[in-house]
Structures are given as C-alpha cells and as structure tokens.
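First comes the structure, then the notes that go with it.
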Amino acid sequence: MQTSLRLLARRRFLPLFVTQLLGAFNDNLFKQAMILFVTFQVYSDPMQETAFNAVATGIFILPFFLLSALSGQLADARDKAMIIRWVKTAEILIMVVGGIGLLLPSVPLMLVALLAMGVHSTFFGPIKYAILPQHLKHNEVLGGTGLVEAGTYIAILAGTITAGALGYLSAHTANASGGLINDTAKLATALVLLVAILGWVAGRQVPAAPPIGEPDPIDFNVLRSSWKLVSSTMHIPRLFLAICSISFFWTIGSVLFIEFPPIVKNVLTADEGVTSLLLSIFSVGVAIGSIAINRLLKGEVSARYAPASVVAMGGFIVAFFFVLRGWTGMPEGQLYDFWTFLNLPNAPMLLGSLLMVAVTGGMFVVPLYAFLTTTVAQSETARTVAANNIVNSGAMVIGAVLAMALSAIGVSAVDQLLMVAGMCLISAWLALRLIRACRHG
C-alpha cells in the first residue's frame, strides 16, 4: 500500500489520478444535482418524476453503449494524453451548457449537457486503464489501478454528498424566502465549471502516451465495430454467462437508482438530503461487500458465492419494500428534513435493509468482474472489458426504459421493487450456470 501511495508523488501518475477524480466528481455532481433539482423543484407528479429520472439515466448511459468500441479504438490509435486534453476541454464547454440549464432553469439544456457528459466519460474511460502500463513499471500497474478505482469511488461519493447538500440548501433557502431563488443554481454552476477547469489543468500535465506499434485502422461505423467487439467475446460460454450476470445486475441497479428520488419525495416524504443519504449508503455498501467477498474468498477468483449473494440481495429488497409499504409520511406539501428523518422509528430498519442490498450486491458482482479480467489472456483483457461495458450499458438502458414503461402504466416506484427482487432470482440462475460451465472446463 505504501508503495502504491508513493505513485501520488510521481508526475507519471498524479495528473491522471487527479484528472480522473475530478471528472468522476463532476459527472456525479451535475447528474445528481440535476435530478434532485427537477424532482423536488420542477415536477410535482410521481409519474413525471420517475419518467424524468429514467430518461436522464438512459441518456447518460446511451453513449457508453454506442461509442465504447470507437473510444477503445481511438485510445489505441492516438496519443492518449492528447485525447485527455481534448476531452477535458470539451468538459468545460459542456458544463457551460449545463450551468445555463440550471440557471434558467431549462430541462432540455440539462439533458443535452448530461448526454454530452456521457460522451465525455465514454471517451475518457478506456484511457484511464490503457495509459497505466505506458507510464508505470510492471510492478506498479496493479497499485496504480487500485488507486484510480479508489479515487473514482471517493469522487462519486463526494459528488453525491455535495449534490445533496446543494439540494438541501436550495429547499431551505426557498422555504425561508417564500419562493424559489436561483442562488443555489449559481453555486452549482460555479462549482461544476471550477472543477472542469481544474480537470483541464490537471489533464495538461499528463505525460505523452503515443500509440504502441502500428495501430489498426479505426472503424467509425459504431454499430458494426460494437457488434464485432461483442460477438468476438460473447461466443465464449464462460464470458457470455459472466457478462450476462453482470449486465442483469446493472439492469437491477439502474431501476433502483431511478426509483430512489421519487420514493424519497413521495413515499418517505423527505428532502434532497435524504436522497443523497440513500445513494451514499448504497455506494458504501457495495464497497463493504467488495471487501467482504475478497476476505471470504481469500484472494481466489471464484463465483461460487455469487448465487447466494444475489438471492440474499433479493431478500433485502423485499424487506426494503415492506418497510416502505408501512411508512407513515408527512402531510401533503411537507417533507422530513435530514435530521428529523434519521430520528424516525423505522429509519434504522430502512437504511439497514438498503445497506444490506448494496453489501450483497457488491459480493455478487465484484468476483464476476475479477473473473472477466483473469479468465482471458492479458492481450484480450481490454477488449473483454470493453465488450462487457457495451452489454452492461445496453442492459442499464433497458432497465431505464422498463422503469419508465411501468410508471406509465401506473406501477408505483415501490411496487417496482418486487419486480427487481424477482430479477435477482434470474441473476442467481445465470451465476449458477457460470459455476457449472467453469467446472466443466
């Protein structure tokens, strides 16, 4: 660990680390601030709120589905440091558009900025891993990868908490003044622009990383290149089952994240701070599950605990459902604030069941990611991960569309949780098939 931390004092690593951290923070801050603002300040209908959250999730994920293959080819064919500079320059322009959307407020402008941020993240994603072997020694690559992952997790959590704090400030400022004012929107706009500029400065410090060898010609037909990448990976039964298991998990995850804001507002009758609390607990829970399964497996890459983990996840989702069904909300037009919510009798059970949903989810999915990167030759690892990202993002878009369709036909956000619990059983079945496929070679 100390050896890994020393990389933070090296120019060949620190600028990339800071650039990734700031980008992940800004992605999450803007997306979450937008969702909280629209859910709590623009719409007053649960169906509209759920539909908007589904659309926002789908819009952000769609570029990963369409452009991952192209971004991977570009990262192999061009100087990666130069691509980072292009991407971070684009982020400043994107945040200008997003900030205008927050200030007006204009939902279409916010969604345009969110789509552009999805494109931005799609093109930066492959670089943060592919550049490490060029800048680090062989025995530093694993430590550098771990630091990048840790920084990303910290940034996501910080972005969620910051967005919740801004939403909390917005609600209480509006209540105190008797009407909605845009001081908080100005603060959010200034913050995302500042972070984008800092990311641009950090990105310019990343050392050059030219392509290795003679790169293959870039196929700009995104559908053909994506299909070719996925088909060349998914024909291997074990990889097919692992990717399907992970993708089904993220379908479940996308539905849960879409439902959180409307559930908090309309069922728990709580404010934006509680939404950020739930999302933060989910993030922490996945991290705890990751550590727990690693200790349980003692470093062995195996999916043998995956079926039991995801079945347990479904059970905790059912527990979360029953707590919500028995919840006593505030009178119409009133919301619990953060501290009042924490002191409610059912809050510990609600938060505890959600935490365990995330813990068991982390125990399910983390070994599957490790399986993906260790079951193929090192020369095929990036290609395998890219194929998995394409399928995962497609599954998350399907989850967003499914949540929106169910809301349109009148299925409440709470009732959709039972469907999610049922989907966990399908994930368990896929994981069992993966285990059997591994046993039979």
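The values are calculated or read from the model by the stated rules, or taken from the named source; none is laboratory data. Keep in mind it's a predicted model, so treat the numbers as computed, not measured. Please note: Cβ atoms are built from the backbone with ideal geometry, for glycine as well, and neighbour counts cover all protein chains shown. All accessible areas refer to the heavy atoms of the entire protein, side chains included, with ligands and DNA or RNA removed. Shrake-Rupley method; radii C 1.70, N 1.55, O 1.52, S 1.80 Å.
Structure summary
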{"item": "Sites LEU8 and PHE338, calculated FRET efficiency, Cβ-Cβ separation with R0 35 Å, nearest 0.05", "result": "0.55"}
{"item": "Area of ASP216 that stays accessible when all protein chains are in place (1.4 Å probe, Å², to 10)", "result": "130"}
{"item": "Distant alpha-carbon pairs in the range 307-361 (separation over 14 angstrom), percent", "result": "59"}
{"item": "Max mean-square fluctuation residue, GNM over the chain, Cα-Cα springs under 10 Å, options LEU354, LEU335, LEU296", "result": "LEU296"}
{"item": "1.4 Å probe accessible area per residue over the chain, in Å²", "result": "44"}
{"item": "Globularity ratio of the chain, using Cα Rg and 2.2 N^0.38 Å", "result": "0.97"}
{"item": "The range 212-311 - Rg over Rh from alpha carbon coordinates, Kirkwood radius", "result": "1.11"}
{"item": "Cα-based equivalent ellipsoid, the range 266-335: semi-axes from gyration tensor eigenvalues, Å", "result": "34, 15, 6"}
{"item": "List VAL96, VAL192, ordered by accessible area with a 1.4 Å probe, largest first", "result": "VAL96, VAL192"}
{"item": "Pairwise centroid distance, computed over Cα atoms, of the range 219-243 with the range 181-208, Å", "result": "36"}
{"item": "Listed residue (SER427, PHE64, SER232) projecting farthest to the positive dipole end of the chain, Cβ model", "result": "SER232"}
{"item": "Spatial separation of Cα centroids for the range 76-96 and the range 264-288, in angstrom", "result": "32"}
{"item": "Computed magnitude of the charge dipole of the chain (debye, nearest 20; Cβ of K, R +1, Cβ of D, E -1)", "result": "1360"}
{"item": "Of the DSSP H helices in the chain, those whose Cα atoms cover at least 20 Å axially and whose Kyte score averages -1.0 or more", "result": "14-37, 46-77, 80-103, 107-130, 141-177, 183-203, 237-266, 272-297, 306-325, 347-374, 381-408, 416-439"}
{"item": "Exposure ranking of TRP327, TRP200 by accessible area [1.4 Å probe, largest first]", "result": "TRP200, TRP327"}
{"item": "Selection from LEU22, GLY99, MET404 lying farthest towards where the dipole of the chain points positive, charges on Cβ", "result": "LEU22"}
{"item": "Exposure of CYS438 as accessible area (Å², to 10), given a probe of 1.4 Å and all protein chains", "result": "50"}
{"item": "Exposure of ARG6 as accessible area (Å², to 10), given a probe of 1.4 Å and all protein chains", "result": "130"}
{"item": "Principal axis box of the range 17-109, alpha-carbon based, largest edge first, Å", "result": "48, 25, 21"}
{"item": "Largest to smallest accessible area among MET404, MET34 [probe 1.4 Å]", "result": "MET404, MET34"}
{"item": "Relative contact order computed over the chain (Cα-Cα under 8 Å; 6+ residues apart), in percent", "result": "27"}
{"item": "Distance from the range 343-372 to the range 396-441 (C-alpha centre basis), Å", "result": "16"}
{"item": "For ALA270, residues with placed amide H under 5 Å, excluding near neighbours", "result": "LYS265, TYR336"}
